[in-house]
1. With an 8 Å Cα cut-off and a minimum separation of 6 or more residues, compute the relative contact order for region 972-1025 in percent.
2. Which of W584, W801 has the fewest other C-beta atoms within 10 Å, and how do the rest follow up to the most?
3. Normalising by the residue count of region 843-1046, find the relative contact order in percent from Cα pairs under 8 Å and 6+ residues apart.
4. Using DSSP, restrict attention to beta bridges with both residues in the chain and report what percent are antiparallel, rounded to the nearest 5.
5. Non-local amide H neighbours of V894 (under 5 Å, H modeled in plane, Pro and chain starts lacking H): which ones?
6. Would you be so kind as to identify which of F724, W549, V379 lies farthest towards the positive end of the dipole of the chain, taking Lys and Arg as +1 and Asp and Glu as -1 on Cβ and the Cα centre as origin?
7. If you plug each phi of region 566-573 into the Karplus form 6.51 cos²θ - 1.76 cosθ + 1.60 with θ = phi - 60°, what whole-Hz ³J(HN,Hα) values come out, in order, with x for Gly and Pro?
8. Can you tell me how region 505-619 classifies by the Cα gyration tensor, rounded, prolate or oblate, using a/c under 1.5 as the rounded cut?
Amino acid sequence: MIRGGLVTLVYDATLKLHSSKATDAAAVTHMSTDIDQITQGMTNFDVLWAAPIEVGLAIYILWREIGLACLAPVGITVGCTLAAFVLGKLSRKAQRVWVNAVQLRTTATVSMLNNIKGIRMSGLSSRFSTNIQDLRVKELAASKSYRHLTVLKNTIGTLPQVMGPVTAFVIYVLVRQNSNSRLDPATAFTSLSLITLLSSPIFLFMFALPPFTASIACYDRIQKYLLSADDETNGSSLGDIKKSDGVPSTNYPDTESNMMELKTKHSMQDEGNDLVILDRASFSFENHGPTVLHDISFSIQKGNLVMLTGAVGSGKSTLLLAILGECFQVGGTLRRSPILRIGYCGQTPWLRNLSVRQIIQGASSFDKDWYAIVLNACVLEPDLAILPEGDQTVIGSRGTSLSGGQKQRLSLARALYAKKHLLLLDDITSGLDATTVQIVAQRVFGPDGLCRRHHMSVLLATHDVNSGDEVCSSPQSENDSLHKTSEPEQSSNREKDAALADLARKVGDWRLYLYYFNTMGWALTAIFIMVSIAFTFCYNFPTIWLQLWSESESSHPGEHQVMYLVVYAVLGILAIILMSASVWVLIVEMVPRSSIKLHKMLLDTVLSAPFSFFISTDTGVTLNRFSQDMSLIDMQLPFGFLQAVDGVFECIAAAALIAVSSYWTALSFPVLILILYVLQKFYLSTSRQMRFLDLEAKSPLYSHFLDTLHGLVTIRAFAWHSEFQETNQKLLNDSQKPYYLMFSIQRWLNLVLDLVVTAIAVTIVAIASQVHGLSSAGALGVALSNIVSFSRILTYLIQAWTQMETSIGAISRLKSFTEETSSEHLPEEVIVPKGFWPSRGAIQFRSLTSGYGGKSSLILSILRMTDIHGGTITIDGIDLATLSRESVREKLNVMPQDAMILSGSVRFNIDPSGKSDEEILSALAEVGLLDLIESRGGLSSTLDASALSSGQQQLICLTRALINPSRILILDEATSNVDQETETKMVKLIQDRFRGCTVVAVAHRLRTIRDFDVILVLDQGRVLEYGRPDDLLQIPGSRFRELWESQR
């Protein structure tokens, strides 16, 4: 119930999250680490209220048995209880520090997975590997305080059990030494049993309190997240007029370069059909933040086609977000029709890891005829024809398997299919060639296009006036208007297979444990086992020693009292020291070493996987390895291993003491072993099955959550809140079923074990009372005192073993993942170019045949990111098939099609390798971003992608290229999201700074490559034309000539 409620609250709050924080991995941490910690803390909540009651009753009975001597264990118990509260507070703080470090690493990992294509193209894989691994090391360093407190918690939790009897018997002997009372077996073992009843609840209390108090810190974090989401909730209510007393920022630069222009084309003349009205409206990105849009006044009516143009950073995208309610209104009015329904296409298309049909259909019902019309309008039919499964093809996380143009047309198709009143389209033609733009414009926006026929209004933001005019090319009416405003610059099959492999492995697969021990270090593992054995001896042998002592006192009172007392006390002290040492070796020394190694292996495997892996594997599945499995390895597995080792030795010792003390009872041990074997067999197999189902059900839940984070603006624009909440509820319910059943079978196990131990206790008492002379009073006391705790030990052992076996599944999945995930690096690719390579920049293709034959695929072939089926590529005469792939990427300079904005500072984004600030600032000045960056905090400030336009993001990528010189520069639609003026500046800058270099550019805007030496025209993956631009333009019927004339 708690888990379900918290997941729902976090998800609902996420749907209200401000778009600027939509990429924050804090939400992912809340959904996984925080909620898991809370459920762990609440698991033993009953101990927190029941333990004090048990302790009170035990103290009363113990006082009646040994009088004032009961104050010693009571004093230790009270002291340990107070220490538990102090530890709880300290653990809460330490837990917060640790979780914050986990969040930093998770944020960086999410950023890496989301930008993996750009990272790989740019040759940044090794740098990211180092960066994220460093964060992992720092994360484990941040956990040291919590681990130290864990050792202290175990020490204090064991004190009442070990030192309670020692101090009680010492005081008892001292108080009664002048009387005739002596420590006979009846008194000794009755008191020992009562002290066990006193210390056991305290032991459980000590272990239950720190996780509970640590979970409070997680509650605080979630509460802060929920409140922040409520505070950020903003947006104009439909039909309402929003006014504000806020004063627009006075430092607003009113420059001509920042002007936006609105061209409105009416198809209907009814002035009462206003869908959106803005009257001197002003907006800011943040609540009480600086104003970024000032005094906007215009309206959109039914059937209007409105083109919004302007320079990079002029506020086109911001205005669309303002209409959607994604910006904070600080002045003027914004009114939207009460019945208005909006469709939205962002500059970066938001695409889930679904089939093409599912993406286009969205939350609407399927209409076959309308679906076919939309496919035709968006020119998607030829693309579906070459996809392996047509419109049932799953496109990969964020549309990884599609080109930029395909993503934009798929996003447009989704908006059209929804049949909304108003379409807000943000630069949807930047990735399309001129011919496709013309076709889409005609079929979607033309006089007979879908929007005209179905009375859909359109607001199209674009920096490309030519493309925009294709949309707004219908005859102007007398109501045509022009407005100006300004703004300051600014798969899851892999997951299932891994889980099935884990389920199929044998219980107690020692090869897997040996693999785990190897990561922890064999020397430390041996030390841990030996110290644990020594602790078990010092912890259990005092029971035998107490038997000898009490029997000696019965036959020779006081004769060897000092010797027995000293040895008894020394054994107790040694037990405490050895227990602390065993926990320290495992938790503080072995676990961090293993965690660092395993994370490094996982990270290296992911970063060396072929690019096809990221297309076929959902990001949520990969993230599960870095989040949930790492959490299991850090927390549950070590404690499960510690408790299992402790439980095995404790159970052996307890069984041996019972058998030695009551050998007739030992006759029942074969039956007991058989019962326990059957119990653990069914319990363990069922628990592992539940664990498998739990993992299988959680992955879709996490993937859905990540999809929601990435698509918040689109979800809210389409008003898909309820549909996504319903999906979240369904996935949550599916994940709750195995989670609930796991708790149910644990309760069943406790009941069965209690009944088994009760049967053993009844057997011992029956034999002792009916058959005289079989054992001494002391021996019977040893047997009964161990029976008191035997049920707890058995439950402890089986649950610990099960926790260890299910948690070791994380190791199994990581081992399978690292062994079965193929590497893109081939054995023959071992040569690393020496010196400044390439020195000439000569690229030669010979009979090249690769995978998908698009323009970007040619670039991917150069970068060795797609399979080459035949032919060769050489650079400076060296066959790329012989070179290390990463070294090739590091030596080339690449600007990917999708602007790569990483999680981190401006400095890290521009140069992850660490160039001087002077070089970075100089490059920022060259691209015209220096003033903007300095106004937002300089190089050390966090670079927020949501606060940058797509054009500004591409300028960041150009800055990155400027400070990483190479003889070869590769541009993949590098200017697709900038206006013509900025594009001209970028082209001139590239020509000046990379003069004498080889520049390979993929471009739809032919004016950007008009001055290139050679043009290569591709069609359906084949070379159609090749030659100098002037020569191709002179050829009648040339494809290049046709494209050139279509863009004039």
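Every number here is computed from the coordinates shown, using simple stated rules; none is lab data. Note that the structure is a prediction, hence the values are computed from the model and not measured. Cβ sites come from the backbone with ideal geometry, for glycine too, and all protein chains shown count toward neighbours.
1. 33 percent.
2. Fewest-to-most ranking of W584, W801: W584, W801.
3. Reported relative contact order: 18 percent.
4. Within the chain, antiparallel bridges account for around 65 percent of the total.
5. I970
6. Ranked along the dipole, the leading option is W549.
7. 5, 4, 4, 5, 4, 4, x, 5
8. prolate
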